[in-house]
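The values are calculated or read from the model by the stated rules, or taken from the named source; none is laboratory data. Because the structure is a prediction, the values reported are computed rather than measured. No Cβ is skipped: glycine too gets one built from the backbone with ideal geometry, and neighbour counts run over all protein chains shown. In case anyone asks, the SASA skips ligands and DNA or RNA and just uses the protein heavy atoms, side chains included. Shrake-Rupley method; radii C 1.70, N 1.55, O 1.52, S 1.80 Å.
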Amino acid sequence: MPEAWTEDLLANNDAKATPESDRSAEPDTTPTRPRSFIEKKIKIVTLQLARFLSRWSWITPNRITVVSASLGGPVAAWQIYQGNYLVAVAAIAISGILDDIDGDLARTTGMVSPSGAILDSVLDRYVDFFVISALILMAPEQHLIPGLLALLGASLVPYIRARTEAEGKKSVATIGDRTTRLILLVIGILTQQFFALLIILAAISHLAALHRLIFALMPDRQD
């Protein structure tokens with residue numbers, strides 16, 4: 001999906017699924033990643049959906065991850081380029097929900113693993129690339145610079161968190177998280193304000209990256 005968008009490699013604490021060969025019934029001990037207010041509200045719904053889907057063994061977290069990335073990435077991007085904005089928004093919205101469900105399903109079914117987290121993180125970056133590229137192609141001369149900045153920011157937000165947590169430090173929830181960017185993306189596409197959308201996405205993602213970087217560079221507090 002287009003994050004869009006985005007969170008994420010080494011420390012993807014949203015722990016997604018594992019292939020059949022990597023499944024484990026051991027409980028998930030990965031620390032919960034920082035969540036914004038909006039994410040916490042959405043999580044209430046996705047947890048219930050994950051419990052419902054866990055009834056069918058053929059619905060695996062990795063399959064949900066792939067479906068989510070396909071809808072939010074190439075499908076949504078192509079619909080944007082073709083001018084089918086309602087279809088694109090629907091694909092992005094469903095992708096965003098599935099992107100949360102796969103991690104919830106992995107934890108519910110005991111299939112959490114680093115391989116699933118890595119798969120989810122990599123596919124999220126592809127989603128960002130497809131959607132922002134489609135927006136750039138709507139008017140390349142005008143959209144190129146803000147589009148590239150938005151793409152860079154969308155990658156930096158999860159990367160800084162991953163690096164911070166890989167060093168054993170805590171990260172922080174930020175307004176520029178993936179859920180916020182997806183909501184902005186939906187609004188921008190529905191209103192067809194693509195140039196403004198790219199500028200806002202670039203600004204909010206870089207502010208979020210700076211927020212997390214400053215927090216990461218602060219010395220750890222001693223109890």
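So what are the stretch 167-213's ellipsoid semi-axes, whole angstrom, largest first, if each one is the square root of 5 times an eigenvalue of the alpha-carbon gyration tensor?
25, 10, 5
For the stretch 88-223, max minus min Cα coordinate along each principal axis, in Å, sorted largest first?
51, 37, 20
Taking the Cα centre as origin and putting +1 on Lys and Arg beta-carbons and -1 on Asp and Glu beta-carbons, what dipole magnitude results for the stretch 50-135, to the nearest 20 debye?
240 debye
At 0.36 nm per residue, minus the direct Cα-Cα distance, what do Val172 and Arg63 gain on full extension? Give it in nm, one decimal, please.
Values: separation 109, 0.36 × 109 = 39.24 nm, distance 2.93 nm.
The span from Val172 to Arg63 would gain 36.3 nm if fully extended.
Roughly how many whole Å is it from the C-alpha centroid of the stretch 51-82 to that of the stretch 106-185?
16 Å
Nearest 0.05, what FRET efficiency do Phe52 and Ile183 give at R0 = 25 Å with Cβ-Cβ as r?
0.55
Shape verdict for the stretch 80-142, please, from the Cα gyration tensor: rounded (a/c under 1.5), prolate (a/b greater than b/c) or oblate.
Taking the square roots of the gyration eigenvalues as a ≥ b ≥ c, the stretch 80-142 is oblate.
Of all the accessible heavy-atom surface of the stretch 108-223, with the other protein chains kept in place and a 1.4 Å probe, what percent is carbon and sulfur?
C and S fraction of accessible area: 71 percent.
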